[in-house]
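First comes the structure, then the notes that go with it.
The values are calculated or read from the model by the stated rules, or taken from the named source; none is laboratory data. A quick note: this is a predicted structure, and the numbers were derived from the prediction, not measured. Don't worry about glycine lacking a Cβ; one is built from the backbone with ideal geometry, like all the others, and counts go over all protein chains shown. Just so you know, the surface numbers come from the protein's heavy atoms only, side chains and all, with ligands and any DNA or RNA stripped out. Shrake-Rupley method; radii C 1.70, N 1.55, O 1.52, S 1.80 Å.
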Protein chains: 2
Amino acid sequence: MTDKKVLSGAGLRGQVAGKTALSTVGKEGAGLTYRGYDVRELAVHASFEEVAYLLLFGELPNRAQLKDFETNLQHQRELPFALKTILENLSASSHPMDVLRTGISALGTMEPELNFSHQEETAIRILAILPSILCYWYQFSHFGKRISCQSEEPSYAGHFLAMMLDQKPSKLHTKVMNSSLILYAEHEFNASTFTARVCASTLSDLYSCITGAIGSLRGPLHGGANEAAMEMISEYKTV
Amino acid sequence: MTDKKVLSGAGLRGQVAGKTALSTVGKEGAGLTYRGYDVRELAVHASFEEVAYLLLFGELPNRAQLKDFETNLQHQRELPFALKTILENLSASSHPMDVLRTGISALGTMEPELNFSHQEETAIRILAILPSILCYWYQFSHFGKRISCQSEEPSYAGHFLAMMLDQKPSKLHTKVMNSSLILYAEHEFNASTFTARVCASTLSDLYSCITGAIGSLRGPLHGGANEAAMEMISEYKTV
């Protein structure tokens, strides 16, 4: 399931940039797959935590592995105090992607990667804390609220919504958010992944790689395209 | 003076990644050049400001242009108040490159690039403020001092030293720092430049590009190599 990735950007068009076993985009007859699984199946039948485990460790977790992984993510939701202060200093007009980029960069100074054997731990910490960074900033900058980064929601999707809305989310909203997170989890050799890989090639730390990747994902030709699509959809008055 | 750049990294070895008119590394008979000028000449005879102008605008400034450029840099040394608070929340044990990465990322939320026509202004602002970010954090985290980001030193090199040492630097130190800044100003198509260019290819903003580039420059196989060289030199007891 390892596919060579041929780049389609101007400067490197047609060149093989590297190999990835994570996913394929537009493979004949399959569409988007993660580790060989059709993303349409995953989006309906899996939890985001299962998919994150699949992408990180190469196979779907069994029941005990999933429980451990979920507990691990739940325990790592909290923000360091200094990071809360930093987020409180980013204004309401900040671009949310810039907030995430700054938050992960700052976390890298607070919980530095000591050596490469810590990268798995660091990856899980970053995954667990991203919603806390975004929602803490959002609630403080927009409403002056210092929210708790804990909630009673066990799932990643439900917890994210609980913090963002500052109330218990409905089952339907949680289900939709779960599917959305799965559909955005991987997209093979895109610009943000490429940025992270160039950064990693210097043996820099994981925080630098993710910080750089967020900066690329921000661009209108990459993740920013979602914003443009949302704006277009907002213009329609009926279904 | 536009040269195609052939990559030497593993995944893209031998491929042409893009073109640059900025500099050449190891060109036959010339060594390192910036816009065609031998870096050895520049390091001895030019100021860092002249070289920065050369790299940004394509040619060396005349006397009036240089004066304007110097004044512009001097006027943009100050840190926004919120950025000072953020820097005060980064501990003394932070890696200096992580501090710069976080500082530029945070600045991107405070003084966002409104459109591409602002990129020249943004580039000059980033250039002017980088020493302030580093030295403000250093003096606060190590000595509890909230330094002024103004000094009586007109030159970039002298001002940097004045803030870092919190005293007037000697002429010799300023001259050495000036040469050092010139020698590090450009190095063609290295990993940090490559990171910035991948990020820019998504039409993301300049802050994201520079934040990502700093994250790559941090790596032991890139800028981090200087640290390793310095550690080796430190072991010698005599010249």
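General remarks:
- The 3J(HN,Hα) values that the Karplus relation (6.51, -1.76, 1.60; θ = phi - 60°) gives for the stretch B:223-238 are, in residue order, x, x, 4, 4, 4, 4, 5, 4, 4, 5, 4, 4, 6, 6, 9, 10 Hz. Gly and Pro appear as x.
- Here is how far apart the B:V176 label points are across copies: 6.4 nm, shortest first, using a point 7 Å from Cα toward Cβ.
- Inter-copy spacing of B:F57 label points, which lie 7 Å from Cα along Cα→Cβ, given in nm from shortest upward: 5.9
- Calculated log₁₀ intensity ratio I(q)/I(0) where the Debye formula runs over C-alpha points of chain A, q = 0.09, 0.10 Å⁻¹: -0.41, -0.51
- Å² of accessible area per residue within the protein assembly as shown, as computed with a 1.4 Å probe and no ligands counted: 51
- ³J(HN,Hα), Karplus 6.51/-1.76/1.60, whole Hz, each residue of the stretch A:187-198, x for Gly, Pro: 8, 6, 9, 7, 5, 5, 4, 4, 4, 4, 6, 5
- In this simple spin-label model, placing a label point 7 Å from the Cα along the Cα-to-Cβ direction at both B:S234 and A:L56 gives a separation of 3.5 nm.
- Using a 1.4 angstrom probe on protein heavy atoms only, the contact between A and B buries about 3300 square angstrom of accessible area, both sides summed.
- Estimated 222 nm signal from helices in chain B, with DSSP H stretches of n ≥ 4 weighted -39500 (n - 2.57), rounded to 500: -17500 deg cm²/dmol
- Here the Karplus relation 6.51 cos²θ - 1.76 cosθ + 1.60, evaluated at θ = phi - 60°, turns the backbone of the stretch B:206-219 into coupling constants of 5, 4, 4, 4, 6, 4, x, 5, 5, x, 7, 4, 5, x Hz, with x for every Gly and Pro.
- Measuring spread by the Cα atoms of the protein assembly as shown yields a radius of gyration and Dmax of 23.6, 80 Å.
- Contact order relative to length of chain B, as percent, for alpha carbon pairs under 8 angstrom and 6 or more apart: 20
- What sits nearest the axis between copies A and B, counting only chain A Cβ atoms, is the residue and whole-Å distance A:G212, 2.
- Using a 7 Å projection from Cα along Cα-to-Cβ, the label point at A:E235 is separated from the same position in the remaining copies by 6.5 nm, smallest value first.
- Rolling a 1.4 Å probe over the protein heavy atoms leaves B:S141 with an accessible area of roughly 30 Å².
- Convex hull volume per residue, computed on the Cα atoms of the stretch A:78-149, equals 73 Å³.
- 5 angstrom amide H check on A:T20, placed H, neighbours 5+ away: A:D3, A:K5
- A:H222 accessible area, assembled protein chains, probe 1.4 Å, Å²: 40
- Taken residue by residue and averaged, Cβ atoms of other chains lying within 10 Å of the Cβ of B:213-225 number 6.
- For chain B, modelled as a GNM whose springs connect Cα atoms under 10 angstrom apart, the maximal fluctuation among B:T71, B:T193, B:T24 occurs at B:T71.
- Accessible-area composition of the protein assembly as shown, carbon plus sulfur, in percent [1.4 Å probe]: 57
- Residues whose placed amide H lies under 5 Å from that of A:L32, excluding near-sequence neighbours: A:G26, A:V39
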